Every structure is written in structure tokens, then in C-alpha cells.
Amino acid sequence: METKCGEATTQSALFPLYRFTSVDQLALEAGRQSNLSAPVVSDWQKRLGRKDGLGSFPQDIFHYAYAVFHSPCYRSRYAEFLKIDFPRLPLTGHLELFRHLARLGGELVAL
């Protein structure tokens, strides 16, 4: 990772799912904070009807995004847009579909 990000001839972007307030907290689970915008996460939770707090929700969003972006239907439908712009993540309003895709995305991440 540091080779690609430190190289001046290429463009790289990193977006960590979690952040830590200090180096000393890297080993502690309690020091981990979501790197996702709180208003965005809150909006997603409202749209999905989730009331169970933040918990694993940032990871659920990551797994959902992983599943959507690896979908052949998504890739073929938005192929032209993906050539010129960043991918857009459509959010379903159906909690069960979100959970199903997050589970599938989690399986892909585990592979």
C-alpha cells in the first residue's frame, strides 16, 4: 500500500472504514471510530428503519457496497459512467435486501 500511495507518478486514494484518535489506541477495539459521516449514517439508518444504534452498521455499509459494486448487473448498467466518474452507491429502502446484500458482500470480503 505505501509503495503505491507514496509514488508520485500514480494517483491513489484511501478511505479507511475506521479511524483511531491516537497511535496508542490501534490495539484497542474501544478506540475505533467510524470514518463515515455521522449525518450520512443516520440518514441511511432512518431510510432503512434501523434503530439498533451504530454497532456494526459501518461494516454493513461496506459489505453492502462491496456486493453492489461487484454485481455484474451494476457493472453493465453503469459501465459508461464508471469510465468517467466515481461509482455511485444506490441505497435500497428495503432492510431485508440491504441485509442480504451485506451478507453476500461479507462473504466476498472473506474470500
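Checking each residue in region 63-111 for being polar (S, T, N, Q), at pLDDT 90 or above and under 27 Å from SER42 (Cβ atoms) picks out only SER71.
All of (1) in contact (Cβ under 8 Å) with a residue 24 or more places away in the chain; (2) exposed (fewer than 14 other Cβ atoms within 10 Å of the Cβ); (3) of a type in the set (A, V, I, L, M, F, W, C); (4) part of a helix (DSSP H, G or I) hold for VAL68 with one exception: (2). Being part of a loop (DSSP other than H, G, I, E, B) and either open to solvent by less than 60 Å² (accessible area, probe 1.4 Å) or in contact with a strand residue (DSSP E or B) (Cβ under 6 Å, 6 or more places away or on another chain) (or both) is the filter here, so list the residues in region 71-89 that pass it. Result: SER71, LEU89.
Screening ASP52 on (1) in a loop (DSSP other than H, G, I, E, B); (2) of a type outside the set (Ser, Thr, Tyr); (3) exposed (fewer than 12 other Cβ atoms within 10 Å of the Cβ); (4) modelled with pLDDT of 75 or more shows it passes everything except condition (4).
The values are calculated or read from the model by the stated rules, or taken from the named source; none is laboratory data. The shown structure was predicted, so the numbers you read here are calculated from the model rather than taken from an experiment. When we count neighbours, we look across all protein chains shown, and the Cβ atoms used for this are built from the backbone with ideal geometry, even at glycine. Ligands, DNA and RNA are excluded from the accessible area calculation, which covers all protein heavy atoms including side chains. Shrake-Rupley method; radii C 1.70, N 1.55, O 1.52, S 1.80 Å.
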